Amino acid sequence: MATQNTISRKSDMSGQEYQWGFVTDIETDLAPRGLSEDIVRLISSKKGEPEWMLEWRLKAYRHWVKLNDAESEPEWANVKYPKIDYQDIYYYAAPKSVTEAPKSLDDVDPEMLATFEKLGIPLQERAKLAGIAVDAVFDSVSVATTFEKQLGELGIIFCSFSEAVKNHPDLVKKYLGSVVPYTDNFFASLNAAVFSDGSFAYIPPGVRCPIELMTYFRINTADTGQFERTLIIADEGAYVSYLEGCTAPFRKTHQLHAAVVELVALDDSEIKYSTIQNWFPGTPEGEGGVFNFVTKRGRADKNAKISWTQVETGSAITWKYPSVILKGDNSVGEFFSVALTNNYQQADTGTKMIHIGKNTKSTIVAKGISAGHGNNTYRGQVQIMPGAENAVNHTQCDSLLIGDKCGAHTVPYIEVRNPTARLEHEASTSKVSDEQLFYLRARGLSEEEAHHMIITGWSREVFQELPFEFALEANQLLKVSLEGAVG
Amino acid sequence: MLEIKNLRVSVLDIDDSEILKGIDLTVKTGEVHAIMGPNGSGKSTLANVLMGRTEYVITEGDILYDGESIIDLLPEKRAHLGMFLAFQYPAEIPGVRPWQFLKAALDAKADSRGEEKMSIRDFSKLFDEKVEAVGINPQLVKRSLNEGFSGGEKKRNEMLQLEVLQPELAILDETDSGLDVDALRIVAHGVNSMRSPERSFIIVTHYQRLLNYIKPDVVHILVEGKIVKTGGPELALDVEKDGYKQYTSVGASA
């Protein structure tokens, strides 16, 4: 009976469930479908890249071809999807009106600005009010960066990846691929070959970035792969908080998103990286949606700290393990995650904490919410290397089930090669209980409000790691994502 | 205000599980009724059924609130009408702050009645006042709702909600159980201070001792799913003296 209710309510709301599902009508400059050395060269020349960048891409491409020939697309994750035809994807799509790069916000296509408006991106004045510098990546080209000047006075560089390649080649050369080499994995190789843009940030020694840096990603063109690449470097003693948001329009075909994020935290620095991932999850019947295959990793040097916080509500499939290599002594790695799967969404997500330095410390709080036919897997690796004296890890994995057709799985890998390490692992699985629901409803909350309150409360440990504005958005997203799951 | 007519209730999906076997009860506006009975008599079931708990099915009879049947109303609708249940075992809800929860409850009620929501500032003031009045540790209410609360703290938290929400009909389900004398006095003080010609109470209790502090207008003895005796406050004293045995089928036939 409960199932019956769910189905009818879903159909009532179809078309309305994914609020961000609109397509912007902008002329797009598309490279032909498919992947070849020529396409890689085309992408590179479109962007006017120097020779060294093209060489790097080509090495990555050749490596990927080998991996592809050897059929080494990763299959170990607990997700199911039809084989991807990599020759049927567009690897480059730039909105036509920005092929001559905009000089300022005034040069940006008004329709595109209207799109960002709909997305609620705090561009222009709203950005200033919110104290956020925004770099918006539309399909694959970075269209507008605010606050560049103010940040420039502090020596902070925050720009699109393409601009960084042109204007800061030494930094890019030094750090690109230093944490996620192009040989790292199938999707990382693919990204390295064809990435079209992304964000770049550099915080000079001892500087505390006074505002939160933010990038908003959006896939607009049908059948387009999005391969953005982000590189953030906090120099010695620097601090930066970086936010990343993602949306994609409603489409019945799958879209591939294979991003790479590299964080470099030099001695005594701190990087806080927050993500709200709201790519189109597919229809309630499981059609379409984004394949989100992402490699994110940071390296923490001496006394440095890297903190990942993610709220993953979107995508048909999420395959993502933001990790920290705790290389320096006393370095700290954190991972806070809420992953929600509803309808036919699948998520296989978690983290890797690789302890190399002495007295390194990592914390993992992973929360998975499964509803509908959603399938949620936490996969995490904690590795203590022989030299990591007195390493400490605390892992907490909680699963929450809504309904009886969803799944939750926990797959921890623990490898300890130093006897002084201390590791704790806690795991729990719970359901929203009838007692809890009745308690809240008896005080006047509707069934949906009650569910939402229970779920956000349960996620609070993670939400409180998010910057305030982002936490509100995350809260709202959970509510929308769970519509139709309750009943 | 509340009329219960020949109410028969079973547990959902379990055969031969009738708990309430034809209850008739009328509570007028402004009255305080006590329902007393031994363990397993159906007291808590009655309290929960009044609030709309779905684990029970009403097989016969009706419940009228201000003359309208409410048996098909969802629990939240009953709350909006002005009903309130102080739980015997309040649920623990991790991560939800009592403050946030109460504000949401108050807002939901205002919304349903087309009234304006209380401002955050006014609510804060009211909340702090009531927290002090019911003697809850202010640190506790900054944490999770009922999580890690002792039995007594949970009951005080129920009283806090009662005082903030100001319902027209408050049902207290064994709020006195597990309380020490100080806490008992606070519960009694809460009820007595809220007692008014516009508000009714149903106090469900096993023991007479709470009734030393709250003087009911009417006392009912509920045994084996039936009200076997109704009387004034003196009835509670009889129970105190002679126990429930005189009212049970075994006791009566002996």
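Scan the stretch B:82-116 for residues that are in contact (Cβ under 8 Å) with a residue 40 or more places away in the chain, closer than 15 Å to A:ILE455 by Cα and polar (S, T, N, Q) and jot them down.
none
So is B:TYR56 surrounded by 18 or more Cβ atoms within 10 Å (Cβ to Cβ), farther than 24 Å from B:LEU179 by Cα and within 14 Å of another protein chain (Cβ to nearest Cβ) or not? Please lay out each step first, then the result.
Values: surrounded by 18 or more Cβ atoms within 10 Å (Cβ to Cβ): yes; farther than 24 Å from B:LEU179 by Cα: yes; within 14 Å of another protein chain (Cβ to nearest Cβ): yes.
Taking the combined requirement at face value, the residue satisfies it.
So if I check each of A:THR313, A:THR318, A:THR360, A:THR349, which one is touching a helix residue (DSSP H, G or I) at 6+ places or on another chain (Cβ under 8 Å) and of a type in the set (S, T, N, Q)? Break it down into steps so the answer makes sense when it comes.
Working: A:THR318 fails: touching a helix residue (DSSP H, G or I) at 6+ places or on another chain (Cβ under 8 Å); A:THR360 fails: touching a helix residue (DSSP H, G or I) at 6+ places or on another chain (Cβ under 8 Å); A:THR349 fails: touching a helix residue (DSSP H, G or I) at 6+ places or on another chain (Cβ under 8 Å).
After ruling out the rest, the residue left standing is A:THR313.
Of the residues B:VAL49, B:VAL32, B:VAL27, which single one is within 18 Å of the chain's Cα centre (by Cα), buried (at least 17 other Cβ atoms within 10 Å of the Cβ) and within 14 Å of chain A (Cβ to nearest Cβ)?
Details: B:VAL32 fails: within 14 Å of chain A (Cβ to nearest Cβ); B:VAL27 fails: within 14 Å of chain A (Cβ to nearest Cβ).
B:VAL49 is the lone residue from the list that is within 18 Å of the chain's Cα centre (by Cα), buried (at least 17 other Cβ atoms within 10 Å of the Cβ) and within 14 Å of chain A (Cβ to nearest Cβ).
Could you grab me the full set of residues in the stretch A:344-360 that are under 23 Å from A:GLU287 (Cβ atoms) and either crowded, with 24+ Cβ neighbours inside 10 Å or within 17 Å of the chain's Cα centre (by Cα) (or both)?
Of the stretch A:344-360, the ones under 23 Å from A:GLU287 (Cβ atoms) are A:344-349.
Across the stretch A:344-360, the qualifying residues are A:GLN345, A:GLN346, A:ALA347, A:ASP348, A:THR349.
Take the residues of the stretch A:271-284 that are out of contact with any Cys (no Cβ under 7 Å at 6 or more places or on another chain) and under 12 Å from A:GLN345 (Cβ atoms): which is surrounded by the fewest Cβ atoms within 10 Å (Cβ to Cβ)?
Checking each candidate, the answer is A:THR283.
Can you go through A:VAL290, A:VAL311 and tell me which one is in contact (Cβ under 8 Å) with a residue 40 or more places away in the chain, more than 23 Å from A:ASN185 (Cα to Cα) and in a strand (DSSP E or B)? Break it down stepwise before answering.
Values: A:VAL290 fails: more than 23 Å from A:ASN185 (Cα to Cα).
Of the residues listed, the single one that is in contact (Cβ under 8 Å) with a residue 40 or more places away in the chain, more than 23 Å from A:ASN185 (Cα to Cα) and in a strand (DSSP E or B) is A:VAL311.
Please specify each residue of the stretch A:390-438 satisfying the condition of being of a type outside the set (Ser, Thr, Tyr) and in contact with a Cys (Cβ under 6 Å, 6 or more places away or on another chain).
Taking the stretch A:390-438 as the starting set, the residues that turn out to be of a type outside the set (Ser, Thr, Tyr) are A:390-394, A:396-398, A:400-409, A:411-412, A:414-419, A:421-427, A:431-432, A:434-438.
Correct list: A:ALA427 only.
Can you find, within the stretch B:62-109, the residue that is farthest from the other protein chains (Cβ to nearest Cβ) among those that are polar (S, T, N, Q) and either more than 26 Å from A:VAL462 (Cβ to Cβ) or surrounded by 22 or more Cβ atoms within 10 Å (Cβ to Cβ) (or both)?
Result: B:SER69.
Within the stretch B:145-166, work out how many residues are within 20 Å of B:LEU2 (Cα to Cα) and buried (at least 21 other Cβ atoms within 10 Å of the Cβ). Can you show your working first?
To start, the set of residues in the stretch B:145-166 that are within 20 Å of B:LEU2 (Cα to Cα) comprises B:162, B:165-166.
Filter once more, keeping what is buried (at least 21 other Cβ atoms within 10 Å of the Cβ): B:162.
Total satisfying the criteria: 1.
If we keep just the residues of the stretch A:424-460 that are closer than 16 Å to A:ALA339 by Cα and among the hydroxyl-bearing types (Ser, Thr, Tyr), which is farthest from the other protein chains (Cβ to nearest Cβ)?
Selected residue: A:THR429.
Among the residues of the stretch A:171-205, how many are of a type in the set (Gly, Ala, Ser) and surrounded by fewer than 24 Cβ atoms within 10 Å (Cβ to Cβ)?
To start, the set of residues in the stretch A:171-205 that are of a type in the set (Gly, Ala, Ser) comprises A:177-178, A:188-189, A:192-193, A:196, A:198-199, A:201.
Filter once more, so that each one left must be surrounded by fewer than 24 Cβ atoms within 10 Å (Cβ to Cβ): A:177-178.
Number satisfying all stated conditions: 2.
On the given criteria, is B:SER177 hydroxyl-bearing (Ser, Thr, Tyr) and at pLDDT 85 or above? Break it down stepwise before answering.
Numbers: hydroxyl-bearing (Ser, Thr, Tyr): yes; at pLDDT 85 or above: no.
No; evaluated as a whole, the condition is false for this residue.
Could you check, for the stretch B:169-187, whether at least one of its residues is under 20 Å from B:LEU85 (Cβ atoms) and free of Cβ contacts under 8 Å to residues at least 24 places away in the same chain? Talk me through it step by step, then tell me what you get.
Going through the stretch B:169-187, the residues under 20 Å from B:LEU85 (Cβ atoms) turn out to be B:169-179, B:183-184, B:186-187.
Filter once more, so that each one left must be free of Cβ contacts under 8 Å to residues at least 24 places away in the same chain: none.
The answer is no, given that none of the residues of the stretch B:169-187 is under 20 Å from B:LEU85 (Cβ atoms) and free of Cβ contacts under 8 Å to residues at least 24 places away in the same chain.
Give the number of residues within the stretch B:206-234 that are in contact (Cβ under 8 Å) with a residue 24 or more places away in the chain, farther than 20 Å from B:SER177 by Cα and of a type outside the set (D, E, K, R).
Going through the stretch B:206-234 one residue at a time, the tally reaches 3.
Do the conditions hold for B:GLU18, that is, is it in contact with a Gly (Cβ under 9 Å, 6 or more places away or on another chain), touching a residue at least 40 places away in the same chain (Cβ under 8 Å), farther than 27 Å from B:SER150 by Cβ and among the charged types (D, E, K, R)? Can you show your working first?
Numbers: in contact with a Gly (Cβ under 9 Å, 6 or more places away or on another chain): yes; touching a residue at least 40 places away in the same chain (Cβ under 8 Å): yes; farther than 27 Å from B:SER150 by Cβ: yes; among the charged types (D, E, K, R): yes.
The answer is yes for B:GLU18.
Every residue in the stretch A:64-115 that is in contact with a helix residue (DSSP H, G or I) (Cβ under 9 Å, 6 or more places away or on another chain), modelled with pLDDT under 65, surrounded by 13 or more Cβ atoms within 10 Å (Cβ to Cβ) and not charged (D, E, K, R), please.
Of everything in the stretch A:64-115, those that are in contact with a helix residue (DSSP H, G or I) (Cβ under 9 Å, 6 or more places away or on another chain), modelled with pLDDT under 65, surrounded by 13 or more Cβ atoms within 10 Å (Cβ to Cβ) and not charged (D, E, K, R) turn out to be A:ALA94, A:PRO95, A:SER97, A:VAL98, A:ALA101, A:LEU105, A:VAL108, A:MET112, A:LEU113.
Considering the stretch B:144-171 alone, what residues qualify as being assigned to a helix (DSSP H, G or I) and within 13 Å of another protein chain (Cβ to nearest Cβ)? Give the derivation first.
Restricting attention to the stretch B:144-171, the residues satisfying the condition of being assigned to a helix (DSSP H, G or I) are B:151-165.
If the condition is that a residue be assigned to a helix (DSSP H, G or I) and within 13 Å of another protein chain (Cβ to nearest Cβ), then B:LYS154, B:ASN157, B:GLU158, B:LEU160, B:GLN161, B:LEU162, B:VAL164, B:LEU165 are the ones that fit.
From the list A:THR410, A:THR341, A:THR363, A:THR420, exactly one residue is farther than 30 Å from B:LEU165 by Cβ, under 23 Å from the mean Cα position of the chain (by Cα), more than 14 Å from chain B (Cβ to nearest Cβ) and at pLDDT 95 or above. Which is it? Can you show your working first?
Values: A:THR410 fails: at pLDDT 95 or above; A:THR341 fails: at pLDDT 95 or above; A:THR420 fails: under 23 Å from the mean Cα position of the chain (by Cα).
Every option except A:THR363 fails the conditions.
Does at least one position in the stretch B:36-46 carry a residue that is within 14 Å of another protein chain (Cβ to nearest Cβ), β-branched (Val, Ile, Thr) and touching an Asp or Glu at 6+ places or on another chain (Cβ under 8 Å)? I'd like the intermediate steps shown before the answer.
Let us first name the residues in the stretch B:36-46 that are within 14 Å of another protein chain (Cβ to nearest Cβ), namely B:44-45.
Adding the requirement that they be β-branched (Val, Ile, Thr) leaves B:45.
Now restrict to residues that are touching an Asp or Glu at 6+ places or on another chain (Cβ under 8 Å): none.
No, there is no match, as no residue in the stretch B:36-46 is within 14 Å of another protein chain (Cβ to nearest Cβ), β-branched (Val, Ile, Thr) and touching an Asp or Glu at 6+ places or on another chain (Cβ under 8 Å).
Within the group A:ARG229, A:ARG218, which residue is charged (D, E, K, R) and modelled with pLDDT of 90 or more?
Values: A:ARG218 fails: modelled with pLDDT of 90 or more.
The unique qualifying residue is A:ARG229.
Only one residue in A:ALA371, A:ALA391 is over 27 Å from the mean Cα position of the chain (by Cα), away from chain B (no Cβ under 13 Å) and crowded, with 24+ Cβ neighbours inside 10 Å, so which one is that?
Details: A:ALA371 fails: over 27 Å from the mean Cα position of the chain (by Cα).
A:ALA391 is the lone residue from the list that is over 27 Å from the mean Cα position of the chain (by Cα), away from chain B (no Cβ under 13 Å) and crowded, with 24+ Cβ neighbours inside 10 Å.
All but one of (1) more than 8 Å from every other protein chain (Cβ to nearest Cβ); (2) buried (at least 22 other Cβ atoms within 10 Å of the Cβ) hold for B:MET118; state the number of the condition that does not hold.
Looking at each condition in turn, B:MET118 falls short on (2).
The values are calculated or read from the model by the stated rules, or taken from the named source; none is laboratory data. Please read all numbers here as calculations on a predicted model, not as lab measurements. As a convention, Cβ positions derive from the backbone with ideal geometry for all residues, glycine included, and neighbour counts pool all protein chains shown.
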